[in-house]
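Only one structure is covered here, and it is reproduced in the block below.
The values are calculated or read from the model by the stated rules, or taken from the named source; none is laboratory data. Everything numeric in this text was worked out from a predicted model, so none of it was measured. Quick reminder, even Gly has a Cβ in these numbers, built from the backbone with ideal geometry, and neighbours come from all protein chains shown. When the accessible area is computed, the model is the full protein with side chains, heavy atoms only, and any ligands, DNA or RNA have been set aside. Shrake-Rupley method; radii C 1.70, N 1.55, O 1.52, S 1.80 Å.
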Amino acid sequence: MLKVTTKVLILLLTSTSLLQAQTAADTRTPFRFGIHASPNLSFLSSNDGEVDGSLQAKFGFGLITEFNFADNYSFSTGVEYVFRGAKGSFQPNNYTLEDGSSYDGRVVAEFKSGMVQIPVMLKMRTRPFGYYTYFADFGGSLNVNTAGQVNLKPTPTPNTNTDTGGQKPVDVAFGGVMFSIGLGGEYDLGGQTALLLGIYYNRSLFDNISADGQRVLGNKGNTYRFDYVNLKVGVLF
């Protein structure tokens with residue numbers, strides 16, 4: 001009798017555990033949505049040894065969509081708007097000042113662009129450690145330039161600013177593709193809601209200055225890309 005009772009208890013406990021596991025699996029959502037803000041440091045990446053570039057603080061924001069296809073893996077996409085750009089000192093070709101006179105000195109070019117970006121990422125997560133889960137993101141994004149602006153200023157005469165206006169001698173490229181990799185973590189707030197924090201490195205795979213703009217800047221077959229490092233802070237639901 002004792003053996004029978006023991007077997008029944010074991011069977012009940014096993015059935016209860018399987019039922020709870022099945023219930024947890026059933027309530028796990030196949031996808032999550034979220035929003036994020038992304039301050040970034042944007043810079044000019046070039047193999048032109050004559051270019052002197054500097055960092056610029058920019059900002060971005062967007063929507064996140066994650067499709068979970070395994071316990072610790074998901075496909076992440078969405079849409080985001082990122083302010084990108086760069087600042088560098090160039091030796092231009094046939095540069096003309098506002099008064100019509102020629103100028104053969106170095107010119108500081110400040111590029112400002114607003115990019116609509118569609119990320120395509122593979123997200124790999126660890127198992128939960130208490131309220132924390134850590135992840136790695138790997139992939140890239142498709143980019144379209146929607147608001148390009150270029151300011152040129154001759155370096156020997158700081159008070160002289162050549163406003164390119166509607167005739168831009170240096171154009172930002174229309175679009176491009178970026179490679180991105182990031183590390184971060186999530187803090188569980190209960191249910192499917194979590195706080196998101198990650199740091200990412202983003203590298204352009206194509207030039208962000210148009211071919212005509214490169215000729216103005218004295219390009220000798222070099223590359224000019226707007227790369228950036230960003231901090232992503234968001235909420236997933």
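When the range 26-47 is filtered for residues that are open to solvent by 20 Å² or more (accessible area, probe 1.4 Å) and touching a Lys or Arg at 6+ places or on another chain (Cβ under 9 Å), the ones remaining, listed by number, are A37, P39, L41, F43, L44, S45, S46.
Against the definition (open to solvent by 50 Å² or more (accessible area, probe 1.4 Å), modelled with pLDDT under 95, touching a strand residue (DSSP E or B) at 6+ places or on another chain (Cβ under 8 Å) and closer than 18 Å to Y95 by Cβ), how does D163 come out, yes or no? Judged against the criteria, D163 is a match. Selection of strands (runs of 3 or more DSSP E) fully inside the range 56-159 by the criterion of at least 1 residues being modelled with pLDDT of 95 or more and open to solvent by 80 Å² or more (accessible area, probe 1.4 Å) returns 56-58, 60-70, 73-90, 132-145.
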